[in-house]
């Protein structure tokens, strides 16, 4: 990895972490657990910049969503909620990453 790419990914991580933390808890932290999901989302956003790793994150997101179902069926609502929201968040990041490509190809009109 060259230095320019490393710097860009570091800046993206450092700028997206406060955004995801604000979306998660509104900058009012109740403990260290509130920082886990924003860290995962910020890391996922920087990993999506690497074309080779996108399919692995999609697999992880779908695995989290499928793990949510058995936890829900066995009345583990807190774990099910955490896994489901993490999986949906990763899928949302995955879909949002393709918007520039869809706009470039003309599938979505610029407004």
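How high is the relative contact order of the chain, given as a whole-number percent (alpha carbon pairs under 8 Å, six or more residues apart)? Value for the chain: 21 percent. Extension gain for residue 55-residue 96 works out to 13.3 nm (0.36 nm per residue, less the C-alpha to C-alpha distance). Applying 0.36 nm per residue to the separation of residue 23 and residue 78 and subtracting their alpha-carbon distance, the gain on full extension is 17.9 nm. Using a simple spin-label model with pseudo-atoms 7 Å out from Cα toward Cβ, residue 3 and residue 103 lie 3.2 nm apart. For Kirkwood radius over Cα pairs in Å, the value computed from the atomic coordinates appears in the list (1) 16.2; (2) 14.1; (3) 15.5 under label (3).
Each value in this text was obtained by applying a stated rule to the coordinates, not by laboratory testing. Just so it is clear, the model here is predicted, and its values are computed rather than measured. Quick reminder, even Gly has a Cβ in these numbers, built from the backbone with ideal geometry, and neighbours come from all protein chains shown.
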